[in-house]
1. Take peptide A:173-186, look around each residue's Cβ out to 10 angstrom, count Cβ atoms belonging to other protein chains, and average those counts.
2. Can you tell me the relative contact order of the stretch B:63-222? Whole percent, Cα pairs under 8 Å, sequence separation 6 or more.
3. Averaged over B:133-140, how many beta carbons belonging to a partner chain fall within 10 Å of each residue's beta carbon?
4. Once Rh is set to the Kirkwood radius over Cα pairs, what Stokes-Einstein translational diffusion coefficient, in µm²/s, holds for the protein assembly as shown at a temperature of 37 °C and a viscosity of 0.692 mPa s?
5. To the nearest 20 Debye, how big is the dipole of the stretch A:192-279 about its Cα centre, given +1 on the beta carbon of each Lys and Arg and -1 on that of each Asp and Glu?
6. Taking every DSSP beta bridge with both residues inside chain A, roughly what % is antiparallel (nearest 5)?
7. Tell me which trypsin sites (Lys or Arg not before Pro) from the stretch A:86-147 have a DSSP coil assignment and no more than 13 other beta carbons within 10 Å of their own.
8. Give me the Å³ per residue figure for the convex hull around the C-alpha atoms of chain A.
Protein chains: 2
Amino acid sequence: MPGSGTDSTKPWTAGGPAVILVEPQLGENIGSAARAMGNFGLSRLRIVNPREGWPNEKARIFSAGADRILEQAELFPDLRAALSGTRYAFAATARERGMAKPVLGADGAAAETLARLSSGEDVALVFGRERTGLYTEEVSLCDAILTLPVNPAFASLNLATCVAVAAYEWSKAASAGGLPFAPPDRSPLADKADLFAFFDHLEGALEEAGFFRSAEKQPSTTRNIRNIFHRLGLTKQDLATLHGAVAALVEGREGREARKAENNARAAQKAVERRARRESGD
Amino acid sequence: MPGSGTDSTKPWTAGGPAVILVEPQLGENIGSAARAMGNFGLSRLRIVNPREGWPNEKARIFSAGADRILEQAELFPDLRAALSGTRYAFAATARERGMAKPVLGADGAAAETLARLSSGEDVALVFGRERTGLYTEEVSLCDAILTLPVNPAFASLNLATCVAVAAYEWSKAASAGGLPFAPPDRSPLADKADLFAFFDHLEGALEEAGFFRSAEKQPSTTRNIRNIFHRLGLTKQDLATLHGAVAALVEGREGREARKAENNARAAQKAVERRARRESGD
């Protein structure tokens, strides 16, 4: 996510399926794919015949710190060679190939990958060229098809985006849906006695301030206010904050009223003095 | 996905939550984010105070055809203004903020978004600056936090990747897990009578070819072969293909044997001729 750098004090998450990029055209995309792999805990990159040669400086720059993935990347002359050692392979494709193979989303592919890796079968995710994707011949070397729920009018995903989504689903599956952080531990709900004491404080202050203009509607207005606060699920700490806020509003009003009364008194005094001066003929 | 271009004959998928980019630094990232939005059916982009100004030529190039999203993008001076009209907002962040807000993954956020949009509450997904993310003050303007299951040692996602994953989960939720294509309609499993006829053909051919070297092991080997074909779930079409393949192997072998026999006959003939010549004293 933007705004969160590399933190070398934490263990680097590695493992998962191999990622095979077949004849990628741009170093930028290889680097961005490696970055996304690193973000989501994938580490094994295989590259088939990269168009710009290898190593590639742009790939290094765009990996944004995932150098270790690029340094350990393995090169192969074709997909057949790159798949050696693999037991099950997914071919990423946006186009129907008319082949009788299972078609899975990135989530289904991640679940299948997790199950196969757990039983010792190595898995590869295979991605094609930026412009033309995988050849049908290459798809036919794989066991299943991985595809994404894309806008049919605009289905051309960036190569690294495609790798990122597959890697994201891998991370989600491998962490069993766990997220890197949760909301802070929540205090328990306030005791109803404390909640009702707050209601008393608030309703008393509102009554004194003249908020309930009609005695007839006061009960229903009171219920509405209580409903607002009830659905907040307030904690003891929340109640302390709200008590303070109500008290400050009351004191602020009283302070304003005191200042206003003082100003009025001063103005009256001045008027008296002016009148006295006029009357004395100054 | 790579290798699948823009297809103007299909309807452009639009709608979903608004995407708000807060002070994005690079046009490339705005363009890549717009491309990912278009890929996964999001269309409403709001940009807060883009550093390089607006419009931005690099954004246009990197949108790779999602021009309409950039053209319709709205600019705002700050997040508060950009959120006007929104009822519920998610702040994307990789860092814990110690704020008592719900923390959801991209999948949970997509489900919540779908439910709120369905009941007429407009939703925004808010993404921060490339380097520094969202300020805590900005997160405090949002209802919930969206975060991803990242490698804690390498949590810095590219801005467009982050938008892409959120948009992907939106598309998944909005399409109820539907994928753009499925495996071709599968023919039903073959009739067992046809399957057994194939077994007869295969086992007969193997026997004739001398495959079963030991009469003792023949039954268990036969069972193993039947098991292989049983677990394939063969269709009538598959059986026709396999009958053909077995026949070709048999004929090929017979052909080879015939050629071998011919070669042997020719060699014998030549030997006879050579001997005849030697004997006639040439």
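1. Values: counts 1, 1, 3, 1, 4, 2, 11, 12, 10, 5, 10, 7, 1, 1.
The per-residue average across the peptide is 5.
2. 25
3. Partner-chain Cβ atoms within 10 Å, mean over residues of B:133-140: 1.
4. Numbers: Rh = 29.1 Å.
D = 113 µm²/s.
5. Computed about the Cα centre, the dipole is about 560 debye.
6. Of those bridges, close to 10 percent are antiparallel.
7. Answer by residue number: A:131.
8. That works out to 316 Å³ per residue.
Each reported figure results from applying straightforward, stated rules to the coordinates on display, with no laboratory input. Everything quoted here is computed from the prediction, not taken from an experiment. Cβ coordinates were reconstructed from backbone atoms using ideal geometry, including for glycine residues, and neighbour counts include every protein chain displayed.
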